[in-house]
1. Would you say VAL18 is without any contact (Cβ under 8 Å) to a residue 60 or more places away in the chain, surrounded by 18 or more Cβ atoms within 10 Å (Cβ to Cβ), of a type in the set (Val, Ile, Thr) and under 22 Å from TYR128 (Cα atoms)?
2. With respect to GLY39, determine if the residue is on the phi > 0 side of the Ramachandran plot and not hydroxyl-bearing (Ser, Thr, Tyr).
3. Given the condition crowded, with 20+ Cβ neighbours inside 10 Å, at pLDDT 95 or above and outside any helix (DSSP H, G or I), answer yes or no: does some residue in the range 66-75 qualify?
4. Exactly one of (1) under 18 Å from PHE17 (Cα atoms); (2) surrounded by 18 or more Cβ atoms within 10 Å (Cβ to Cβ) is unmet by LEU113. Its number?
5. Can you tell me which residues in the range 26-41 are surrounded by fewer than 18 Cβ atoms within 10 Å (Cβ to Cβ) and closer than 19 Å to ILE107 by Cα?
6. Sort out which residues of the range 15-60 are over 27 Å from PHE73 (Cβ atoms), part of a helix (DSSP H, G or I) and hydrophobic (A, V, I, L, M, F, W, C), and write them in order of number.
Amino acid sequence: MMRGKKTGIWLGIIQAFVAMGAIPAGLSMIFDPSGNGIGISTEILVESPFRNFFIPGIFLFVINGLFNILGAFFSFSKNKYAGVLGLGLGILLVIWICIQVYITGLIHFLQPLFFTIGIIEIILSYKYAYKAKSKSIE
């Protein structure tokens, strides 16, 4: 197996993992904006522009959920845009976590975990995109 194929597989696995967490959590926040469904309270939003978790839930569901499913599909199918999409998704995940920690503070081990996963997604995506670009030059 070529190195580029392994990178695409690992990138797809990371993206699928992010989506598997984001989709149910995002849906829970959309259908129960109080946060009770996932065991959080709107009290952590006091310093935020949000009164409940509806808008963050939409972002979580669509960007970190559905788009990462699309990214995983691109990565597993070796689509030429997989690296660029993954790079954008990794950057958005890191920004999402940074904003979350800024607003709520560091309140759960998942925050640093998903920050790290976002960095890994960025690195793998860059590697994938660079490998794809160097192949198209040859």
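The values are calculated or read from the model by the stated rules, or taken from the named source; none is laboratory data. Here the structure is a predicted model, which means the values were calculated and not measured. Quick reminder, even Gly has a Cβ in these numbers, built from the backbone with ideal geometry, and neighbours come from all protein chains shown.
1. No: the conditions fail for VAL18.
2. It is true that GLY39 is on the phi > 0 side of the Ramachandran plot and not hydroxyl-bearing (Ser, Thr, Tyr).
3. no
4. Result: LEU113 fails condition (2) only.
5. SER34, ASN36, GLY37, ILE38, GLY39, SER41
6. ILE44, LEU45, PHE54, listed by residue number.
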